[in-house]
Structures are given as structure tokens and as C-alpha cells.
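Heads up: the structure comes next, in C-alpha cells.
The values are calculated or read from the model by the stated rules, or taken from the named source; none is laboratory data. Since the structure is predicted, the reported quantities are computational estimates derived from the model, not experimental observations. Cβ placement follows ideal geometry from the backbone for every residue including glycine, while neighbour counts extend to all protein chains displayed.
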Amino acid sequence: MTGLRISKALTIAGSDSGGGAGIQADLKTFQELDVYGMSAITAVTVQNTLGVSGVYPLPPEAAAEQIRSVGSDLGVDAVKTGMLFDAGIIRAVSAEIRKFGWERVVVDPVMIAKGGAELLRQEAVLALKEELLPLALVVTPNIPEAEVLAGMAIRTMQDRREAAKIISAMGPKLVVIKGGHDGGDGGVGNVGNAVNTVNGANGEKAGNDGHEGIYERGDSGNMEVVDLIYNGGNFTELSGKRIPTVHTHGTGCTFSAALTAGLAKGLPAPEAIVIARDFIQAAIEDVLALGHGHGPTNHWAYRRRMAVSAR
Ligand SMILES: Nc1ncnc2c1ncn2[C@@H]1O[C@H](COP(=O)(O)OP(=O)(O)O)[C@@H](O)[C@H]1O
Ligand SMILES: Cc1ncc(COP(=O)(O)OP(=O)(O)O)c(N)n1
């Protein structure tokens, strides 16, 4: 690497002791994509594949000091935020991003862990919308997070589009509403419904099988996963094969970290989003099957595939 320019990315997020999400997933992803990773930890979670059993937030000033320390010395080409936990941390983080004038900012508005643990206090949603979203180049909510930000239920792809427009008006240049939680027709679906078949964005597709809840995925019968992108004018849909697996812990963190890595390398956001989708697709497909619950994704998979296809 000597002599080459090194791209640098900062993650501002919570620690996941299990290593599948949060800071750990972000740093692994940066490393796999040849980006030098730095971190500002906002909270320590006690977590494994079975769930979150403890959350210890740091004082807002601790997050701010970490950001100042790396920002003033090492420099930051792109930054992402993940678990921010409370309004004080959001305000402190937003103030530092503003002071440094960082523009390649990805906001992953982490709210609730798969097992239901609160990773963002409800009183902090307003601060997220008013302080942080205006600073974002890209915001990457999953469907339940988009519902909270937009203040509406998302049941269909049309709802998702409407929610994307509402979130876009809060300031981010690009909104990506991820489709991992899609219950069958573009939204979270109706838990307990009978099979439904709808006209999806990319043609006819079968809906859920009636037992998929918001935090259980991989068994819906949906053949596709579709991420919806809105740039303030146009919609784009990125679709991939939906992998039927419970090992999806940290998919959102990993996707947004891969996107941040692309931005750190200077890629235009739409290109970085496509690579991030490929990265997470490989990470879900090449399952590690670790732990006794929702296992982590495979952060090695993308690089290994690239190496094989280069032979
Ligand atoms: N079962 C799956 N198969 C393929 N891709 C998936 C699957 N679940 C999620 N993804 C992808 O992982 C990324 C994260 O999406 P999502 O799971 O909705 O976010 P979060 O982890 O924040 O809840 C998205 O790009 C989504 O398309
Ligand atoms: C410390 C920490 N940050 C974020 C999350 C949520 O991760 P996400 O990628 O949204 O994945 P799931 O929670 O859906 O597995 C977390 N669990 N811990």
C-alpha cells in the first residue's frame, strides 16, 4: 500500500460484543473494501446472536471527543452513523459533522435490534430528523425505520415511495429504503395474512406466507429483496435474490458501511450503493452459521468472490 493514497472512513456507532453489527461490522467491512477504518463509540451493547442483554451509552462528550481526535489528526473521507441511542449523542455528533464540514455522510438510522431491544430512545427521533438528516448525503432506513421517520405505515411499494419523498424533504440527498423486512408487497406486510400475490415493482411476485413478522425474515416466500432509492426526483429499484436464512444479524450496518467505504474511495453515491448491495448479498449468501440465534453475515465473502472471479 506504500505510496498509494489511503481512503479513510469513520464509523460513529455502538459496539456489538458479538461482532456481527455496529462498530465491529463496520470496521470489518471497511477493511474488506481496502478502506482504513476509524471509530467513535457511542454505546457499548452486550449482545450475541440471541439478542441484546445490556446497553451502556457513553456521555455525548465522549463521542464528540473521539470524532474530534480522529478528524483533526487522521482525516476522514467519508463517515457513517449507526446506533446513536439518545438525543444528546445525536446533537453532539451532528455538531462535530457540521464543524468538520463533512459531506460524504451516511446516516443509518438504527432504532431497534432484531430481538426488539431499543437502540434509539423514542424521544431522540426528533433530534435525528432535525439535526442529523439535513447533514446526510445518504440515509438508509429499513422499512420499520422509514415508517417512524415518515410517520406513516408502509404496506406497499407505493407507500415506500411516498415515505421516501417525506424523508427526502428532511434533507438527505439520497434515501435508500431497504427491503429486508418486506412482507411481500413492498412494505412490512400484514402479519397473519393469507398468501397474497401482487404486482411488485419488478413484475409479478408472490407475497408472504402468513407468518413473517417485522423482525423475522427469510421465510416469507418472497423471491426477491428490493431496495428503493430516491434522489429527490427519481426512483431506482435495486433487486437481488432473497436468501432464506435467519443469519441476517447486522445486514443494515454492513450495507451502510460498504456504501461509506465506496464514498471514501471517491465513488459517486449511486455506484457505491450498487457495490454495497453486492457486498451484502455475498455476505448473506455465503453463510457462516455462527451462534445459536440470528448469526452474523460473512464479511469475507465479497473479497473471496472477487478473488475467484479475477482468476
Ligand atoms: N434475506 C435476504 N437476502 C438478500 N438480501 C437481504 C436479505 N435481508 C436483507 N437483505 C439486504 O440487506 C440489506 C439490509 O437490509 P435490511 O435487512 O432491510 O436492513 P436492517 O438490517 O437495517 O434491518 C439490504 O440491502 C437488503 O436488501
Ligand atoms: C451496536 C448495534 N448497532 C446496530 C445494530 C442493528 O444492526 P442492523 O444492521 O440493523 O441489524 P439487526 O439488528 O437487524 O440484526 C445492532 N444490533 N447493534
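Here is how the numbers come out for the structure above:
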quantity	calculated
Restricting region 257-311 to residues that are charged (D, E, K, R) and more than 16 Å from the chain's Cα centre (by Cα), the residue that is surrounded by the fewest Cβ atoms within 10 Å (Cβ to Cβ)	Arg311
Selection within region 118-161 - more than 15 Å from ligand 1 (Cβ to nearest atom), closer than 21 Å to Thr11 by Cα and in a helix (DSSP H, G or I)	Ala124, Val125, Ala127, Lys129, Glu130, Glu131, Leu132, Leu133, Pro134, Leu135
Odd one out for Asn208 among (1) over 15 Å from the mean Cα position of the chain (by Cα); (2) crowded, with 21+ Cβ neighbours inside 10 Å; (3) at pLDDT 95 or above; (4) not charged (D, E, K, R)	(3)
Verdict on Gly116 being within 14 Å of ligand 2 (Cβ to nearest atom), surrounded by fewer than 18 Cβ atoms within 10 Å (Cβ to Cβ) and over 13 Å from the mean Cα position of the chain (by Cα)	yes
Considering residues of region 246-263 that are out of contact with any strand residue (DSSP E or B) (no Cβ under 9 Å at 6 or more places or on another chain) and more than 8 Å from ligand 1 (Cβ to nearest atom) only, the residue modelled with the lowest pLDDT	Val246
Yes/no for Val52 being within 16 Å of ligand 2 (Cβ to nearest atom), surrounded by fewer than 18 Cβ atoms within 10 Å (Cβ to Cβ) and within 21 Å of the chain's Cα centre (by Cα)	no
Within region 88-113, considering residues that are surrounded by fewer than 19 Cβ atoms within 10 Å (Cβ to Cβ) and of a type in the set (Gly, Ala, Ser), the one farthest from Ala64 (Cα to Cα)	Gly101
Any pair with Cβ under 8 angstrom, 6 or more apart, that starts in region 22-39 at a residue that is touching a residue at least 40 places away in the same chain (Cβ under 8 Å) and at positive phi and ends at one that is surrounded by 21 or more Cβ atoms within 10 Å (Cβ to Cβ) and among the acidic types (Asp, Glu)	Gly22/Asp16
Residues being of a type in the set (S, T, N, Q) and crowded, with 23+ Cβ neighbours inside 10 Å - total across region 119-161	2
Residue within region 232-245 that is surrounded by 17 or more Cβ atoms within 10 Å (Cβ to Cβ), of a type in the set (Ser, Thr, Tyr), assigned to a loop (DSSP other than H, G, I, E, B) and within 8 Å of ligand 1 (Cβ to nearest atom) present	no
Which listed residue, of Asp34, Asp26, is modelled with pLDDT of 95 or more and within 11 Å of ligand 2 (Cβ to nearest atom)	Asp26
